[in-house]
């Protein structure tokens, strides 16, 4: 998987939305978006009127950055959603929510999706008793995710669980922090995603 080496905070400012890319820092006064809630760069505070294409592009970039994907990966999710039955935009978002790294983050085992991705690749989690090291693995309904017994004292995981009160566990997941386990009770629905996203603009962008 490709790695983004730029500033995570500048991504939030560029998309005019707090994407919680830096974990606990996003909840403090040190958050760059709270201090400078305008796009980065020399003309960041200038008023800009976006074209239809620009609106589609910005929406695509926002979601891509939210889940930490590069363009090629994100395009792959769009193509998969187009092949499935149902509303394409909703399928795209629910498939992104089912990514293993996202489930780890949403369950409270990591402070950010970036940290979750790193923990997953290092083999710290099991799915239904088997070690999974692929961040893009799509977790299925009824799956049980747990922290490897040897990894339960890792500082990032312990710290993330201690700070879980700062964010809400989605209804489609059930966390048992004492046992270091989480269960996907049901698949995520579009209504479970509270981040303001206009997925129809993303579909339109790739339909040009």
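The values are calculated or read from the model by the stated rules, or taken from the named source; none is laboratory data. Keep in mind that what you see is a predicted model, and the values were worked out from it rather than measured. Reconstructed Cβ throughout: ideal geometry from the backbone, glycine too, with neighbour counts over all protein chains shown.
Things worth noting here:
- Being assigned to a helix (DSSP H, G or I) and under 19 Å from residue 181 (Cβ atoms) holds for only one residue in 82, 119, and it is 119.
- Given (1) within 16 Å of the chain's Cα centre (by Cα); (2) in contact (Cβ under 8 Å) with a residue 12 or more places away in the chain; (3) closer than 17 Å to residue 176 by Cα, number of the condition residue 101 does not satisfy: (3)
- Unmet requirement for residue 50, which otherwise passes all of (1) buried (at least 17 other Cβ atoms within 10 Å of the Cβ); (2) under 24 Å from residue 198 (Cα atoms): (1)
- Counting only strands (runs of 3 or more DSSP E) wholly contained in region 129-202, the ones carrying 1 or more residues that are in contact with a strand residue (DSSP E or B) (Cβ under 8 Å, 6 or more places away or on another chain) and exposed (fewer than 14 other Cβ atoms within 10 Å of the Cβ) occupy 173-176.
- Test: residue in region 130-137 that is touching a residue at least 40 places away in the same chain (Cβ under 8 Å) and closer than 28 Å to residue 79 by Cβ: yes
- Taking the numbered list (1) surrounded by fewer than 21 Cβ atoms within 10 Å (Cβ to Cβ); (2) modelled with pLDDT of 95 or more in turn, residue 125 passes all entries but (1).
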